[in-house]
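Everything below concerns the one structure shown next.
Read-outs throughout are calculated quantities, based only on the coordinates presented, and are distinct from any laboratory measurement. A quick note: this is a predicted structure, and the numbers were derived from the prediction, not measured. Cβ atoms come from the backbone with ideal geometry, glycine included; neighbour counts cover every protein chain shown.
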Amino acid sequence: MNFAEARQQLVNELIHEGIQNPNILNAINTVPRHDFVPKELQYLAYNNSALPIGFEQTISQPYVVAKMTEVLLKDKSYKKILEVGTGSGYQAAILAQLVDEVYSIERIEGLLHRTKKIFEALQYKNIFTLYGDGNLGWPEHAPYDAIVVTAATNSIPINLLEQLKVGGRMIIPIGEPGHQELQLITKREKSYDVRVLDPVIFVPLKSGKI
Ligand code: SAH
């Protein structure tokens with residue numbers, strides 16, 4: 001299978017679905033998604049779909065990764081971004097092409113161990129990972145210009161809001177399974193704005209680490 005060709009086809013599909021930011025399209029065309037999925041599913045790596053990655057988790061659908069990134073980065077450039085839910089590492093790798101530093105938290109130790117090896121093999125130098133509960137954020141490196149949460153919750157974790165810069169954006173899937181929507185939060189001095197975006201399907205944001 002020619003991965004480069006398949007990747008270009010995926011980019012064409014994303015353009016067709018409305019993704020416009022050339023930097024994001026370029027990132028999708030650069031990051032080898034097949035390296036972030038299990039060997040036996042590599043032939044599906046450039047389909048525009050979520051795939052299982054073991055540990056009962058999934059790698060997000062490329063369109064959703066592109067869309068979340070596009071909304072987050074619109075008219076902004078960021079130095080430091082926090083991701084909650086490292087999972088396969090694909091979203092972090094896309095972000096690493098677009099911002100200076102990516103901090104990413106994962107609660108499943110075995111999964112993070114595997115994903116860190118992928119980052120090493122692909123020589124990402126600007127992705128930093130933490131084994132922990134993303135509900136708590138990563139205060140040592142706060143405040144962040146932006147935060148992306150890649151697991152769904154019923155309410156915005158307060159620690160994440162606190163660790164976001166004023167004027168910074170957070171994108172987060174909110175709601176019960178089957179009724180989730182992406183929300184774009186913009187932090188203000190004493191409050192925050194909420195914009196409701198597309199309906200989505202994400203695995204749940206859980207508490208604690210395993
Ligand atoms: N960004 C990932 C998506 C992975 S799915 C990718 O591009 O592949 C969501 C991930 O969030 C899972 O790996 C899950 O274990 C993790 N997760 C769920 N609750 C979490 C929490 N409280 N803290 C950190 N990670 C969490």
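Largest GNM mean-square fluctuation among 100, 193, 35, using the chain with Cα springs under 10 Å: 193. Note on the chain: helix-only mean residue ellipticity at 222 nm, from DSSP H runs of 4+ residues weighted -39500 (n - 2.57) and normalised by residue number, equals -8500 deg cm²/dmol. The angle between the Cα long axis of helix 109-121 and the main principal axis of the chain comes to about 60°, on a 0 to 90 degree scale. Test of understanding: in a Gaussian network model of the chain with alpha carbons linked when under 10 Å, which of 171, 105, 15 would top the mean-square fluctuation ranking? Result: 15 has the largest fluctuation of those listed.
For the chain, modelled as a GNM whose springs connect Cα atoms under 10 angstrom apart, the maximal fluctuation among 41, 111, 51 occurs at 41. Scanning residues 5 or more positions from residue 156 or on other chains, none has an amide H under 5 Å from its amide H, with H placed 1.01 Å from N in the peptide plane. Ordered by the count of other Cβ atoms within 10 Å of each Cβ, fewest first, 188, 169 give 188, 169. Computed from the C-alpha gyration tensor, the three semi-axes of the ellipsoid equivalent to region 139-210 are 21, 16, 9 Å, from longest to shortest.
Over 19 Å apart at the Cα level, from the set 67/117; 125/209; 39/209; 67/209; 74/125; 116/209, are 67/117; 125/209; 39/209; 67/209; 74/125. Note on the chain: Cα Rg divided by 2.2 N^0.38 Å, N the number of residues, gives 0.95. With Rh defined as the Kirkwood radius, the inverse of the mean 1/r over Cα pairs, the Rg/Rh of region 1-112 is 0.95. Can you tell me what share of the DSSP beta bridges in region 98-182 is antiparallel? A percent to the nearest 5 is fine. Antiparallel bridges make up about 15 percent of those DSSP assigns within region 98-182. For residue 10, the shell of other residues with beta-carbons less than 12 Å away shows a net charge of -1, using +1 for Lys and Arg and -1 for Asp and Glu. Of all DSSP bridge pairs formed entirely within region 1-131, close to 15 percent run antiparallel.
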